[in-house]
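Nothing in this text is a laboratory measurement; each read-out follows from the coordinates by a stated rule. Keep in mind that what you see is a predicted model, and the values were worked out from it rather than measured. Counting neighbours? That spans all protein chains shown, and the Cβs are built from the backbone with ideal geometry, glycine included.
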Amino acid sequence: MKNIILTGVIASATLVSCGTVQSLVQNTFPYTANVLVSTGVPANQEVSSSTTASNVQSWFGGNNNAQIKDVRISDAKITVVTPSGGSLTDFKSFKVYISSDGAAEKLVASRADFNNSGSTLSLDLNNSGYLDSIVKSTNLKVRTVYELKNSTSSDMNLRVSLNFNSVPAN
């Protein structure tokens, strides 16, 4: 009898913990994209770079986006990932747009007139409306528009990290 009760408790705990992990993964999920800022990019001129974004669901295969709704941007950051270092002092502004197959482009984050000598910058979020149609489509694309204060003396790699929140679809 003790074994049956113990087995029932363990099975219940396992099911609850799996549901909790699934809920956390579906309610907050990241997308990342890489941007190359080449030497010789002119200063005081907006430059655009587009790339396909990847997320945790694409790492493990499958697409559970049909099980979510009310998707909004919750965090956006730009990080310098150049092996030789680098900082954001050469930049004047950033704008980040997302789009996907069958969905129009939408501004999700931006930042201008900042003074940051570090390697990471949090962007201001544009939370006007839901992003369900974009995130649930295939091939999410991130377009980063940046403007330099000064030309760079070497290539610089940036990582755009976007986090989204959602609620489970019933």
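Treat the count of other C-beta atoms within 10 Å as a stand-in for reagent exposure and order 47, 96 from fewest to most.
On the way: 47 14, 96 27.
Result, fewest neighbours first: 47, 96.
Could you give the length gained by full extension between residue 77 and residue 28, i.e. 0.36 nm per residue of separation minus their alpha carbon distance, to one decimal place? All intermediate terms of the calculation are to be shown ahead of the outcome.
On the way: separation 49, 0.36 × 49 = 17.64 nm, distance 1.53 nm.
So the chain would gain 16.1 nm between residue 77 and residue 28.
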Between residue 92 and residues 5 or more places away or on another chain, which pairs have amide H atoms under 5 Å apart, with H built 1.01 Å from N, and which residues are they? 147, 148, 149
